[in-house]
Structures are given as structure tokens and as C-alpha cells.
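Notes follow the structure.
Derivation of every value follows stated rules applied to the coordinates shown; laboratory data play no part. Predicted model only: the values in this text are computed from it and were never measured. A quick note on method: Cβ atoms are made from the backbone with ideal geometry, for glycine too, and the neighbour counts reach across all protein chains shown.
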């Protein structure tokens, strides 16, 4: 396994902004130059559509620069000397008039050096909604640390009240904008848990303040991605004595990991596993038909090479699915910064094959684009964002039996279109 990265990955500063922007009804004000705005606004707007217009002319107002999300104070050289009070007040007034449910004011790295008192400036603007101030966010740390920092700051402001605990209710932690097909993953997991007799409460993604305030009704916090949710889970345990659970096999990706997820969880919470196991078995049957036909013709996917890049909590079950279920061969595994140590250790000990090339790449859009630039026969699947911009009109998932079938579909078609007679 290589412990290096071929391209720049989003850090804790991006994680903080993405975490807050993924909640419904809020706005994130970035106190910083435009260079800190454009990337974050573009990724947020592309991953979680809330605007019907993609035309920059639709957002000509000061502070927005043609983008609907993450308005900024566009700091310049003068502001770094004299402060940003006037711009910040004007932007706060603009946001107040838009009537969001909550507001987060975030300093960029450079703005944090100026020393402006954000709360004092905001106090001069009457009528602001619930406002969270982050004058010194984490910089150059792992993405998930920043994501948790923003959500914890919001919870400190909200102070969710004690509510009666429901024994069959769980919260889901660890979802983020950079997880490709995150909405489909949430929907799939909610459906499977519901069939098992559990209700999903708060999951900190595309939810408003009312759903977040209900978080203390849950019996258990399920940490799907410890890279993005473990810090938050530890905070909730320390603050409210809420227990949490990390799936021992990683996220429910692939047939075996999904089965393990529910069987392991059933040892903690009473559940009806039969409907879930029946659905997995039906999906296994469908997968077998396509695998048998494809393998009888070309022998693939067995023996095909692949590379993985991303958080260890998704790479571990995906690696197991590709290697042990499909018989593929790992050529490279790269865990992202902040990967869960227990899962990363297992992957680091994996023996990799010395391959001239890999046929399938699993990572973010940059990973796939780089591989395709070097070898146009390479195919792959974006499991992380930012993506290359493919528009998923039909909601997809990487989780559960349907996610396993989707990954299988991408592998079979990728090998056919790339290597086996359809590529140059």
C-alpha cells in the first residue's frame, strides 16, 4: 500500500464548510477572499442541488459572484490592514433578509490572522438567525475533523433538550458531501433498517434544525464512516452519554459487509433480520446470473486488476467485495488522510500484486481522470467527490444489496467497454 497522494484532497477547512452547507435551511458566510469561495461553492452546489438555475447571471449580487452558495466578503489587501467590518456587516444584513434558519460565520486562514471580532460585528446587525461563529477553524487537518468541528459548534448553540429515548431508534453519523451517492446511501440504509424494525432519526445531512434537535431520542449512534463521524460521536457520548457503534467490517458495501453490518448490529439492538437477509439473497441470485454468463465468455472479472483510493472505512469492504467475491486483483490501495486506523492497518497489510496496469479505478474524480489520461482503456467508479461532473438523475447507492449490484454492473461494463474489444 502506498502512503502518498497523487492529487490534492479536501482538508478540514473544506470539511467544516461542507458539513454546515449539507444541512437544510442554513447558510455559511465565508469571511475570506474569493479564491477560498469558488471551489467550495461549486462542490456544494453540484453535490446537493438546491438552486434551479445554473446561470451565473442569476446571482449577480455583491458577495455571491455568480454562485448561489457560500457568499464571501472577498477580502483584498486593504482589508488585511484595516479589517473587514463594513463588508461583513453588509453581508450579514443581506443574509438576514434572506431569512435562513441558521447562519455559520467562518474565517478563512488569512482572515483568521486579521483579528476582527466576528461576534461583536454581528451584534450590530439586529434580527440575525441562530448564528455560529468559527473564527479559528482547523486548517490542513483531516476532512472529517473539520466536518465534526462545524457540527459540534452548531450543537453547542442548539443545546438539544433531553427527550424520551426510543429503544428502536438510531442516528446515523459520518455522511458528507464528498461521499458520492450519499443521498442514495442514506435512503438505502434507512429502508433496510426499517425492514429490520429500526427507525432512523438524525443523520446530519439534508436535515433541518428540527430533526437535529431530536437527536437525543436515539438509543444508539451508528458511525458509518468513522473518518467523518467519530469525533462527533465522541462528543455526543461525552456531552449526552449517547453510546456509539462502529461497524467492525466497515460501511455496508458489498454482500458480505452488509450481512455482517446487520448481524453485528443485531447483537446490540433487537432486530428482525429475515427481511434484510432475504433481500440480500435475492440480489446474490441476480448477481450470479450475470457473473456466470460473463465469466463463461471471457473469464473476467476474475484476475482483473484494480486500484482503490479513499477513506479506509469504505475501501475495506469494497476491497473484500472486489477481491474475495469477484476474484479481482488489487494493484494499489491508498487510504486518505484521517482514515480510521484499525481499518487502515488491515489494508496496509494487504499484499498487492505487481501489475503493469489496472483495469478498474475506484476513487474520486481526480483519481479516475488521472488514470484515464495515462491509459484510455481504464474504467472505474467514483466513490468519493469531487466527481468529474456526471449528472446522477436516477438516485444510486453503494450500500446494501442494490449497491453491490450497482458496483458489479460498473465492473462488468467497465471491463467490457475498456479492455475486451470495445476500447482501442
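The figures follow:
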{"quantity": "Cβ-based exposure ranking for 125, 132, 411, in which fewest neighbours within 10 Å come first", "calculated": "125, 132, 411"}
{"quantity": "Whole-number percent relative contact order across the chain, with pairs defined as alpha carbons under 8 Å at least 6 apart", "calculated": "16 percent"}
{"quantity": "Calculated [θ] (222 nm, deg cm²/dmol) that DSSP helices of n ≥ 4 give over the chain, each run adding -39,500 (n - 2.57)", "calculated": "-13000 deg cm²/dmol"}
{"quantity": "Segment 274-418: relative contact order as a whole-number percent, Cα under 8 Å and 6+ apart", "calculated": "23 percent"}
{"quantity": "All-pairs Cα distance distribution in segment 88-183, expressed in whole percent, bin size 10 Å", "calculated": "12, 34, 35, 16, 3"}
{"quantity": "Beta bridges per DSSP with both ends in segment 166-266, % antiparallel, nearest 5", "calculated": "0 percent"}
{"quantity": "Neighbour-count ranking [beta-carbon atoms within 10 angstrom, fewest first] of 165, 358, 106", "calculated": "165, 358, 106"}
{"quantity": "Rounded FRET efficiency, nearest 0.05, which uses the C-beta distance separating residue 42 from residue 352 and R0 of 30 Å", "calculated": "0.30"}
{"quantity": "The chain - share of DSSP beta bridges that are antiparallel (%, nearest 5)", "calculated": "5 percent"}
{"quantity": "Residues 22, 266, 194, 296 arranged by fewest to most Cβ contacts within 10 Å", "calculated": "296, 194, 266, 22"}
{"quantity": "Euclidean distance between Cα centres, segment 388-402 to segment 197-256, Å", "calculated": "22 Å"}
{"quantity": "Relative contact order for segment 12-140, counting Cα pairs under 8 Å that sit 6 or more residues apart, in percent", "calculated": "32 percent"}
